[in-house]
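Structure first, then comments.
The values are calculated or read from the model by the stated rules, or taken from the named source; none is laboratory data. Remember, predicted model here, so these are calculated numbers, not experimental data. Quick reminder, even Gly has a Cβ in these numbers, built from the backbone with ideal geometry, and neighbours come from all protein chains shown.
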Amino acid sequence: MNLIRILFLWGLSVTSILAEVSLVVSPVEDAPVLRHKPLNPVLSFTLGTSGPARAGTLESVELTLSGTTHPEDIATISLMSGEVPPATTSVTHDQVQPTSTLITLQPMSALPTGVSSFWISITLKDAANLDGLISIAIRRVRVSGQELTPRPLQSVKPLRIGVALRQRGEDNSNSYRIPGLVQTTAGTLLASYDIRYEHCRDLPARIAVGISRSTNGGQTWEPMRIAMNPGSLGAKHQADGIGDAALLVDVKTGRIWLAALWSHGDRGWETSRPGMTPEETGQLLLTYSDDDGRTWAPLRNLTPMVKDPAWRLCFNGPGAGISMQDGTLVFPAMFRSADGGETQGKPFSTILWSKDQGATWTIGSGAKIDTTEAQVVELDDGSLMLNCRDNRGGSRTVMITRDLGKTWSPHPTDRGALPEPVCMASLLRWDHPRYGTLFAFSNPASTTARDQMTIKFSRDQAQTWPEQWHLRYDSRRGAGYSCLAPAGPDHLGVVYEGQCELYFMRIPLADRFR
């Protein structure tokens, strides 16, 4: 009788004796199963064969969906080999439509001598419930009449369900980037983003600002609307770009504001120059909606009102702005300073604010040199916290102003509490009737790469971010931008970037606070 070593890995190794075949199983961790995506890897395994010239046949793979909250939401389960998505070299060996929580795939695939890699993919139905969880495990694998069974069967971490909100190629656009997200006074979720028609790169390029609406907490989304289109500025601007948008809800009036950067010709981040005209420098544009995000007003140029002519560039920080308790509207903002001197065109994060419901706007001073994309929240004492991307890398800059950006001072968490790989992030204050005042922060929780997308919570005015309240929601590498907003009374919504695509998830607060 031949000896077989089975290595079955579920975070731990389980070894038993059968034949000259090794089995290594690796569940996918911290990655959602996405609606509208045809392939969603949920676990992988390898079969290593050695010894006989004829290695054998993979006859069946038995799976269990025990612990899946809504098995009926699964359209198909597939056995694949080759590279995982987005690679196009994968091969389907068998596919089934599940009718129970026990699934058998029967590929009848010949195994070569050596190591063969396989993975299990799930396709969800279009109406799959985003509050559900997917739990899947292998019960046994049958190779040439012999069963390889893990003992004991280890539990695996359930996977959350999300939705691919904007995918590459949809609506004739190459890519989608730069998420914003707000909940309106009517309870509607609005997501904003760059429609990058030609490629995934930044301005200058042919870009418009799109809006998606959801009236049920992100469970379903309406078709895309275009809120800011450079063509509306005139026929000669059809090839221009408007992007890097930020949304803001005026909680007193219900009006929704949308700010973004207009690049005429070659006037993006690197190529804008001192001056005031579109031919010289990028322009800060503003629009608004009074019908809950369905339609948007003609574009208004704020550049003459807020930009110093010596600055190279001035515009909003992407993501979302806030409405203060006294009604002041505040966008995060940034500018590239004047040429020469100590600053040499370096960027500064700041704020842009209005005390007359958006009629006039004022820009603050620079919070700290070499900071850019920021998010802002109001603290209980009425001061504003500006959480900034820092080009020095390593961690976020966190600054405080008590005079609407005239002066700034470092917060105790500045350059220490929140690791980052130099990226945009999201910061949200939520005064929740059950859980109290929550601060939520989302970014790639890494100093080396835009991966490990994580939400952190604070209940002490963003002084600390206890590890027990961290939630890693997607460990895969992407472009790293994200934006948070309430998604109904007890769920936190997040729109974030994959590889030039946008995904949405809703997280129950009860998962963190019990």
How many residues of region 450-476 are under 20 Å from the mean Cα position of the chain (by Cα) and under 19 Å from Glu373 (Cβ atoms)? The answer is 7
Determine, yes or no, whether Thr407 is part of a loop (DSSP other than H, G, I, E, B) and among the polar types (S, T, N, Q). yes
Condition first: closer than 21 Å to Gly345 by Cβ, surrounded by fewer than 22 Cβ atoms within 10 Å (Cβ to Cβ) and either among the hydrophobic types (A, V, I, L, M, F, W, C) or in contact with a strand residue (DSSP E or B) (Cβ under 9 Å, 6 or more places away or on another chain) (or both). Now tell me which residues in region 308-331 satisfy that. Asp308, Ala310
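Which one of these is in a strand (DSSP E or B), of a type in the set (D, E, K, R) and under 22 Å from Leu261 (Cα atoms): Arg389, Arg429?
Details: Arg429 fails: under 22 Å from Leu261 (Cα atoms).
On inspection, the qualifying residue turns out to be Arg389.
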Within region 150-159, is there a residue that is touching a residue at least 24 places away in the same chain (Cβ under 8 Å), among the charged types (D, E, K, R) and part of a loop (DSSP other than H, G, I, E, B)? yes
Of those in region 480-514 that are aromatic (Phe, Trp, Tyr) and part of a loop (DSSP other than H, G, I, E, B), the residue nearest to Tyr197 (Cα to Cα) is Tyr481
Based on what the data block shows, is Gly275 closer than 20 Å to Ile207 by Cβ and assigned by TED's automatic domain parsing to the domain that holds Ala235? no
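Only one of Thr413, Thr401, Thr407 is among the β-branched types (Val, Ile, Thr) and surrounded by 20 or more Cβ atoms within 10 Å (Cβ to Cβ). Can you tell me which? Break it down stepwise before answering.
On the way: Thr413 fails: surrounded by 20 or more Cβ atoms within 10 Å (Cβ to Cβ); Thr407 fails: surrounded by 20 or more Cβ atoms within 10 Å (Cβ to Cβ).
Of the residues listed, the single one that is among the β-branched types (Val, Ile, Thr) and surrounded by 20 or more Cβ atoms within 10 Å (Cβ to Cβ) is Thr401.
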Does Met334 satisfy being under 26 Å from the mean Cα position of the chain (by Cα) and buried (at least 24 other Cβ atoms within 10 Å of the Cβ)? yes
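Here's the yes/no breakdown for (1) surrounded by fewer than 17 Cβ atoms within 10 Å (Cβ to Cβ); (2) among the small types (Gly, Ala, Ser); (3) more than 16 Å from Val91 (Cα to Cα):
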{"position": "Val25", "(1), (2), (3)": "no, no, yes"}
{"position": "Leu34", "(1), (2), (3)": "no, no, yes"}
{"position": "Leu43", "(1), (2), (3)": "no, no, no"}
{"position": "Gly56", "(1), (2), (3)": "no, yes, yes"}
{"position": "Leu63", "(1), (2), (3)": "no, no, yes"}
{"position": "Thr69", "(1), (2), (3)": "yes, no, yes"}
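If you take the residues of region 343-379 that are in a loop (DSSP other than H, G, I, E, B) and within 28 Å of the chain's Cα centre (by Cα), which of them is farthest from Val330 (Cα to Cα)?
Going through region 343-379, the residues in a loop (DSSP other than H, G, I, E, B) turn out to be 343-346, 355-361, 364-368, 370, 379.
With within 28 Å of the chain's Cα centre (by Cα) added as a condition, the list becomes 346, 366-368, 370, 379.
Numbers: Lys346: 23, Gly366: 15, Ala367: 15, Lys368: 18, Asp370: 21, Leu379: 13 Å.
In this case the residue turns out to be Lys346.
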Could you tell me whether region 266-280 includes any residue that is in a strand (DSSP E or B) and either touching a residue at least 60 places away in the same chain (Cβ under 8 Å) or surrounded by 18 or more Cβ atoms within 10 Å (Cβ to Cβ) (or both)? no
Criterion first (within 26 Å of the chain's Cα centre (by Cα) and more than 28 Å from Arg201 (Cβ to Cβ)) does Asp250 satisfy it? yes
Counting only residues in region 120-140 that are at pLDDT 95 or above and part of a strand (DSSP E or B), the one surrounded by the fewest Cβ atoms within 10 Å (Cβ to Cβ) is identified as Leu133
With respect to Asp171, determine if the residue is under 30 Å from Gly488 (Cβ atoms), in contact (Cβ under 8 Å) with a residue 24 or more places away in the chain and not in a strand (DSSP E or B). yes
Determine whether Arg476 is closer than 25 Å to Ser175 by Cα, in contact (Cβ under 8 Å) with a residue 40 or more places away in the chain and surrounded by fewer than 17 Cβ atoms within 10 Å (Cβ to Cβ). yes
Against the definition (modelled with pLDDT under 95 and either of a type in the set (A, V, I, L, M) or closer than 18 Å to Val33 by Cα (or both)), how does Leu189 come out, yes or no? no
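Of the residues in region 412-426, how many are of a type in the set (S, T, N, Q) and part of a strand (DSSP E or B)?
Step one: of region 412-426, the residues of a type in the set (S, T, N, Q) are 413, 426.
From what's left, part of a strand (DSSP E or B): 426.
The number of residues fulfilling the criteria is 1.
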Every residue in region 481-512 that is of a type in the set (D, E, K, R), over 16 Å from Trp221 (Cα atoms) and modelled with pLDDT of 95 or more, please. Asp490, Glu497
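If a residue has to be among the basic types (Lys, Arg), farther than 27 Å from Glu497 by Cβ and free of Cβ contacts under 8 Å to residues at least 40 places away in the same chain to count, how many in region 396-438 make the cut? Can you show your working first?
Initially, region 396-438 is screened for residues among the basic types (Lys, Arg), giving 396, 402, 406, 415, 429, 434.
So of that shortlist, the ones also farther than 27 Å from Glu497 by Cβ come out as 402, 406, 434.
Going one step further and asking which of them are free of Cβ contacts under 8 Å to residues at least 40 places away in the same chain, we end up with 402.
Of the residues in that region, 1 qualify.
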Only unsatisfied item for Arg294, checking (1) in contact with a Gly (Cβ under 7 Å, 6 or more places away or on another chain); (2) in contact (Cβ under 8 Å) with a residue 40 or more places away in the chain, is (1)
